[in-house]
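**Student:** Starting off with a structure, shown below.
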Ligand code: AMP
Ligand code: TRP
């Protein structure tokens, strides 16, 4: 059975893009993989996090994952800082990775923007730590959204360079598992921007704790254009907002964009938004309700993470110890 590793930042409330791009696939992959799922709090503090909010959001994120169907007994769910192997291998990878490689990372450029000088060094070396997350478990498959593709290519470069520099075949190749449909869900306010937990406007995203009324309102207000829906996918070109709503519908209904347009092409956005709201409510509201129930029992959530961290460390410890020996650390 292949080993899966994936991570999600415990910042903000998980949004629909996280669910369709990541969480939903994590749940499905549990059927035929050994899965390790991680709340990456070390990654989270690469930008400022209020300490109490970070703790709270780590629990909230755990609740959403459990509510969505992650099974913490058959698999592993934990927070990154609880397993020291990540930081230790991350440091080694800081020394394997090259500045030239990091300089190509588009996510850093997007996040740091023009104010590059003023960002944390952690944000810059973030992809090295991400490589360490995966390789500390020698995981071979990594389910992520399309935005993480470049980071996984870098992780493969790091693994290869490590193997080459130390003359070993130690770290395996990593395969990205990117869902074809919902790989990139866009903002409801701007079809050219990724839907994100960190967007200042909550109207730009569906949160996985939204109730039915909130979902209906956000979809009613979602940006569109004056044309009716096209009948063919070619007609979605240069209509990013229309394409995004069609993609969301397709991902939720488990059909292709072409099939959505076969059903709804020619309609105005009014009726289409009503249909979209219906599928969204069906998918999101049960998870939102279960999340609220779980958040009433934070001790249970803490116990789940503690148990997961213990089992994660058992896998990572011997691998990272061996990597430390390979680089020449005296043991
Ligand atoms: P993050 O919220 O950046 O920690 O992302 C966690 C996971 O959700 C990663 O696998 C991302 O690729 C995925 N993800 C985040 N936002 C989106 C989005 N708008 N569309 C698709 N996947 C996303
Ligand atoms: N960088 C990922 C994101 O922002 C989160 C992440 C951290 C991750 N470590 C990982 C994803 C390891 C997959 C594997 O979405």
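The values are calculated or read from the model by the stated rules, or taken from the named source; none is laboratory data. Here the structure is a predicted model, which is why all the values come from computation and not from measurement. A quick note on method: Cβ atoms are made from the backbone with ideal geometry, for glycine too, and the neighbour counts reach across all protein chains shown.
Table: residues versus (1) away from ligand 1 (no atom under 15 Å from the Cβ); (2) touching a strand residue (DSSP E or B) at 6+ places or on another chain (Cβ under 6 Å); (3) closer than 22 Å to residue 176 by Cβ.
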site: 19; (1), (2), (3): no, no, yes
site: 54; (1), (2), (3): no, no, no
site: 77; (1), (2), (3): no, yes, yes
site: 90; (1), (2), (3): yes, no, yes
site: 100; (1), (2), (3): yes, no, yes
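**Student:** If a residue has to be buried (at least 21 other Cβ atoms within 10 Å of the Cβ) and either modelled with pLDDT under 95 or assigned to a loop (DSSP other than H, G, I, E, B) (or both) to count, how many in the stretch 253-267 make the cut?
**Tutor:** Matching residues across the stretch 253-267 total 0.
**Student:** Further question on the same structure: Examine the stretch 166-177 for a residue that is within 23 Å of residue 151 (Cα to Cα) and free of Cβ contacts under 8 Å to residues at least 12 places away in the same chain, and state whether such a residue exists.
**Tutor:** Yes, the stretch 166-177 contains a residue that is within 23 Å of residue 151 (Cα to Cα) and free of Cβ contacts under 8 Å to residues at least 12 places away in the same chain.
**Student:** Test of understanding: among 150, 160, which residue is away from ligand 2 (no atom under 13 Å from the Cβ), free of Cβ contacts under 8 Å to residues at least 60 places away in the same chain, closer than 19 Å to residue 102 by Cα and out of contact with any strand residue (DSSP E or B) (no Cβ under 8 Å at 6 or more places or on another chain)? Walk me through how you get there before you give the answer.
**Tutor:** Numbers: 150 fails: away from ligand 2 (no atom under 13 Å from the Cβ).
When all the criteria are applied, what remains is 160.
A quick yes/no check of all residues on (1) closer than 19 Å to residue 30 by Cα; (2) within 17 Å of the chain's Cα centre (by Cα); (3) in contact (Cβ under 8 Å) with a residue 60 or more places away in the chain:
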{"residue": "60", "(1), (2), (3)": "no, yes, yes"}
{"residue": "66", "(1), (2), (3)": "yes, yes, yes"}
{"residue": "112", "(1), (2), (3)": "no, no, no"}
{"residue": "136", "(1), (2), (3)": "no, no, yes"}
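**Student:** A further question on this structure: Would you be able to tell me the number of residues in the stretch 188-207 that are touching a residue at least 60 places away in the same chain (Cβ under 8 Å), touching a helix residue (DSSP H, G or I) at 6+ places or on another chain (Cβ under 7 Å) and more than 16 Å from ligand 2 (Cβ to nearest atom)?
**Tutor:** 1
**Student:** While we're on this one: Pick out the one residue from 110, 147 that is modelled with pLDDT under 95, farther than 19 Å from residue 45 by Cβ, in a helix (DSSP H, G or I) and within 16 Å of ligand 1 (Cβ to nearest atom).
**Tutor:** Details: 110 fails: farther than 19 Å from residue 45 by Cβ.
Matching residue, one of 110, 147: 147.
**Student:** Restricting the search to the stretch 134-144, which residues are within 20 Å of residue 42 (Cα to Cα) and either surrounded by 17 or more Cβ atoms within 10 Å (Cβ to Cβ) or near ligand 2 (Cβ under 8 Å from one of its atoms) (or both)? First the steps, then the outcome.
**Tutor:** Here is the first cut: in the stretch 134-144, the ones within 20 Å of residue 42 (Cα to Cα) are 134-139, 142-144.
Scanning the stretch 134-144 gives 134, 135, 136, 137, 139, 142, 143, 144.
**Student:** Only one of (1) outside any helix (DSSP H, G or I); (2) crowded, with 20+ Cβ neighbours inside 10 Å; (3) free of Cβ contacts under 8 Å to residues at least 60 places away in the same chain is not met by residue 210, so which one is it?
**Tutor:** (3)
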